[in-house]
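Chemist: The structure follows.
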Amino acid sequence: MVTHPTPPPTPPQTALITGASSGIGKALAHQFARDGYHLVLAARSVAKLQALADELQQRFKVVVTVIGADLETNDGAAQLHADIQARGIVLSALVNNAGFGAFGEFKDSALPSDLAMMQLNMNTVVVLTKLFLPDLLATRGKILNTASTAAFQPGPYMAVYYATKSFVLSFSEAIASELEDTGVTVTALCPGPTASGFQDKAELGNSALVKGKNLPTSEAVAALGYRAMQRGQRVYIPGFMNWALAQSMRFTPRNLATKVVKLLTRPVA
Ligand SMILES: NC(=O)c1ccc[n+]([C@@H]2O[C@H](COP(=O)([O-])OP(=O)(O)OC[C@H]3O[C@@H](n4cnc5c(N)ncnc54)[C@H](OP(=O)(O)O)[C@@H]3O)[C@@H](O)[C@H]2O)c1
């Protein structure tokens, strides 16, 4: 009789998901839990996170830790890292997903709001990636950063938001290259407009980008993004039209691309 050695048990894997209280982050939490990952869920809405944690623990028998964190403050990301370390949790996946946008002309937006967006969408991504990289190198882990199709060109009426997402895409691709021989993969998920809490928060109701449009669900986008992360794909754009538009931007003169986005995003009655 041929005997096969028993494979060593896989150590439990833990993923941190920022912005897990709604939308794409919440849907990503379901994807990870279904695959047996333990989770750390972070956002400001602790009651929503706790309800999600209870559901995932019951359905998938995984350990879920909830941490209230305001990641648009200067030290929010470092505090979150310290809190996770103090609990003795070692990450094998980091999901930088928390983010927000704002619709309107740059001249009309409040500077503190612009700066908070930059802090959350960019600085927090860099700080968490820097501080958790030793864990991820030790576990040959995965990084999933939620960028956007906004990353591929300038965005009139959402100028700061588009610029933050260009940053996330560029940063993700660059560190993916640096880390290519370490076993750590980095995936930039670049969704187009997706049904979530994002539109209300961004006050996008009057933008041609979403008005009257049938948007894909957060669940569909998260499922595709999760699979791209598991494959180690560096850049993933869900949806053929989103992909085609992003590709076409590579060959379009910058000023023309900007005009197209202005038209697509413009305020409509
Ligand atoms: N929906 C779209 O059309 C779309 C398209 C492309 C990319 N994205 C990106 O997808 C990501 C997720 O957004 P979503 O669409 O799922 O929108 P969402 O439903 O509004 O979710 C945003 C998440 O970010 C968290 N968040 C916001 N401010 C935070 C803060 N100061 N500290 C900690 N967490 C904070 C929110 O939690 P709390 O409010 O509880 O803190 C929430 O969990 C964002 O990075 C967004 O830019 C969205």
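Chemist: Restricting to segment 222-244, what's the tally of residues that are assigned to a helix (DSSP H, G or I) and either out of contact with any helix residue (DSSP H, G or I) (no Cβ under 7 Å at 6 or more places or on another chain) or over 25 Å from G205 (Cα atoms) (or both)?
Modeler: 13
Chemist: For the subset of segment 33-47 comprising residues that are away from the ligand (no atom under 15 Å from the Cβ) and in a helix (DSSP H, G or I), which member is nearest to V64 (Cα to Cα)?
Modeler: A33
Here's the yes/no breakdown for (1) under 21 Å from D135 (Cα atoms); (2) under 19 Å from the mean Cα position of the chain (by Cα):
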residue: T10; (1), (2): yes, no
residue: Y37; (1), (2): yes, yes
residue: L41; (1), (2): yes, yes
residue: L49; (1), (2): no, yes
residue: Q58; (1), (2): no, no
residue: D70; (1), (2): no, yes
residue: S113; (1), (2): no, no
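Chemist: Something else: Can you work out which of the residues in segment 208-221 that are part of a loop (DSSP other than H, G, I, E, B) and of a type in the set (G, A, S) is surrounded by the fewest Cβ atoms within 10 Å (Cβ to Cβ)?
Modeler: The extreme case among them is G212.
Chemist: Let me ask something additional. Before we move on, is F167 within 21 Å of I24 (Cβ to Cβ), among the aromatic types (F, W, Y) and surrounded by 19 or more Cβ atoms within 10 Å (Cβ to Cβ)? Give the steps one after another, and end with the answer.
Modeler: On the way: within 21 Å of I24 (Cβ to Cβ): yes; among the aromatic types (F, W, Y): yes; surrounded by 19 or more Cβ atoms within 10 Å (Cβ to Cβ): no.
So F167 does not fit the description; no.
Chemist: Assuming P154 fulfils every condition listed in (1) within 22 Å of P253 (Cβ to Cβ); (2) in a loop (DSSP other than H, G, I, E, B); (3) within 14 Å of the ligand (Cβ to nearest atom); (4) not acidic (D, E) apart from one, which condition is it?
Modeler: Looking at each condition in turn, P154 falls short on (3).
Chemist: Within segment 48-76, work out how many residues are more than 7 Å from the ligand (Cβ to nearest atom) and not in a loop (DSSP other than H, G, I, E, B).
Modeler: Of the residues in segment 48-76, 17 are more than 7 Å from the ligand (Cβ to nearest atom) and not in a loop (DSSP other than H, G, I, E, B).
Chemist: Could you identify the single residue in G192, G205 that is farther than 16 Å from E105 by Cα and assigned to a loop (DSSP other than H, G, I, E, B)?
Modeler: Answer to the check: G192.
Chemist: Here is a check on your reading of the model: is Q247 in contact (Cβ under 8 Å) with a residue 12 or more places away in the chain and either closer than 25 Å to A174 by Cβ or more than 16 Å from the ligand (Cβ to nearest atom) (or both)?
Modeler: The answer is no for Q247.
Chemist: Test each condition in (1) surrounded by 15 or more Cβ atoms within 10 Å (Cβ to Cβ); (2) acidic (D, E); (3) over 25 Å from R140 (Cβ atoms) for D83 and report the one that comes out false.
Modeler: If we test D83 against (1) surrounded by 15 or more Cβ atoms within 10 Å (Cβ to Cβ); (2) acidic (D, E); (3) over 25 Å from R140 (Cβ atoms), just (3) comes out false.
Chemist: Restricting the search to segment 97-114, which residues are assigned to a helix (DSSP H, G or I) and away from the ligand (no atom under 12 Å from the Cβ)? It would help to see each step written out before you state the result.
Modeler: Filtering segment 97-114 down to residues assigned to a helix (DSSP H, G or I) leaves 106-108, 111-114.
F106, K107, D108, L111, P112, D114 - these are the residues of segment 97-114 that are assigned to a helix (DSSP H, G or I) and away from the ligand (no atom under 12 Å from the Cβ).
Chemist: E180: among the charged types (D, E, K, R) and under 17 Å from T146 (Cα atoms), yes or no?
Modeler: Judged against the criteria, E180 is not a match.
Chemist: Ok, one more. Scan segment 168-182 and give yes if some residue there is closer than 19 Å to V261 by Cα and of a type in the set (F, W, Y), otherwise no.
Modeler: Taking every residue of segment 168-182 in turn, none turns out to be closer than 19 Å to V261 by Cα and of a type in the set (F, W, Y).
Chemist: In addition: When both residues are 6+ apart or on different chains and their Cβ atoms are under 9 Å apart, which pairs have a first residue that lies in segment 39-59 and is of a type in the set (S, T, Y), and a second that is within 8 Å of the ligand (Cβ to nearest atom) and modelled with pLDDT of 95 or more?
Modeler: S45/S21; S45/S22
Chemist: Another one. Scan segment 129-150 for residues that are closer than 25 Å to H81 by Cβ, out of contact with any strand residue (DSSP E or B) (no Cβ under 6 Å at 6 or more places or on another chain) and within 11 Å of the ligand (Cβ to nearest atom) and jot them down.
Modeler: S148
The values are calculated or read from the model by the stated rules, or taken from the named source; none is laboratory data. Because the structure is a prediction, the values reported are computed rather than measured. Heads up, the Cβs are rebuilt from the backbone with ideal geometry, glycines too, and the neighbour counts pull from every protein chain shown.
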